[in-house]
Amino acid sequence: MPPKPSPAERPRRAAPRIRLSRDDWIRVALLALADGGTAAVAVEPLAARLGATKGSFYWHFRDRRELLEAALETWERAETDDLIAVLGAVADPVARLRRGLVLAMELEEDEHPDVRLLPSAADPVVAPVLARVQRKRLAFLARTFREMGFPPAEARRRARLTNSIYIGWVHQQLILQRHATPRERSDYRRAAVKLLTARDG
């Protein structure tokens, strides 16, 4: 009977391939969007990030544009549609505004695609999504301010201010290249709600 081969002599089994799903590619595309905007959504760097081949990508998507569209669709649903549905269940409009700012600011600044997408606002794939997202958010905020008793025109103005306060916060933190402390976030939200709900006179 021949001697058994030593462990070093035994043939090594090939490492099992990880089967990536369409959602895996969308997830990493969203991370890339948050890192560097639409320019960062490129097949080869994403494949390297996943430890995959370009062939895996083309199994799920025709091209980069299809992946970008899918990532933007996921972002719109998760960061706008789903949040509006959750906040719509908050009956008190001031509490709803406060809760909305908490949800909008709970991620670290470098996890938000919102501001990273602004330089691509003229991109033919990005532009309609950004416009639609802004319309949804502003409409929801304006309705919230109307429920506080503000006239329609004033409610729309305060909705735009709210959106600007949120975008400005994320943008400033990215410029500073630091993460805000929980205390800083809380103080900013408190001041924002006070400003946005103040009555003239």
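The values are calculated or read from the model by the stated rules, or taken from the named source; none is laboratory data. Remember, it's a predicted structure, so these values are computed and weren't measured experimentally. Here the Cβ is made from the backbone with ideal geometry for all residues, glycine too, and neighbour counts use every protein chain on show.
When we screen PHE145, PHE140, PHE150 for residues that are more than 28 Å from ILE26 (Cβ to Cβ) and part of a helix (DSSP H, G or I), the only hit is PHE145.
Is it the case, given these coordinates, that VAL94 is in a loop (DSSP other than H, G, I, E, B), at pLDDT 90 or above and of a type in the set (Val, Ile, Thr)? No; evaluated as a whole, the condition is false for this residue. Could you tell me whether any residue of the stretch 132-141 is under 15 Å from PRO93 (Cβ atoms), of a type in the set (A, V, I, L, M) and touching a Leu at 6+ places or on another chain (Cβ under 9 Å)? Checking the stretch 132-141: at least one residue is under 15 Å from PRO93 (Cβ atoms), of a type in the set (A, V, I, L, M) and touching a Leu at 6+ places or on another chain (Cβ under 9 Å).
Can you tell me how many residues within the stretch 63-82 are of a type in the set (D, E, K, R) and either closer than 23 Å to LEU138 by Cα or touching a Gly at 6+ places or on another chain (Cβ under 7 Å) (or both)? Walk me through how you get there before you give the answer.
The initial filter retains those residues of the stretch 63-82 that are of a type in the set (D, E, K, R), namely 63-66, 69, 73, 76-77, 79, 81-82.
Narrowing further to those that are either closer than 23 Å to LEU138 by Cα or touching a Gly at 6+ places or on another chain (Cβ under 7 Å) (or both): 69, 73, 76-77, 79, 81-82.
The number of residues fulfilling the criteria is 7.
Pairs linking a residue in the stretch 168-192 that is in contact (Cβ under 8 Å) with a residue 12 or more places away in the chain to a residue that is among the acidic types (Asp, Glu) and surrounded by fewer than 11 Cβ atoms within 10 Å (Cβ to Cβ), with Cβ atoms under 7 Å and 6 or more positions apart or on different chains, do not occur. Between GLU73, GLU79, the distinction of being assigned to a helix (DSSP H, G or I) and exposed (fewer than 14 other Cβ atoms within 10 Å of the Cβ) belongs to GLU73 only.
Out of GLU106, GLU66, report the one residue that is of a type outside the set (A, V, I, L, M, F, W, C) and at pLDDT 95 or above. Steps first, please.
Working: GLU106 fails: at pLDDT 95 or above.
One residue alone meets the criteria, GLU66.
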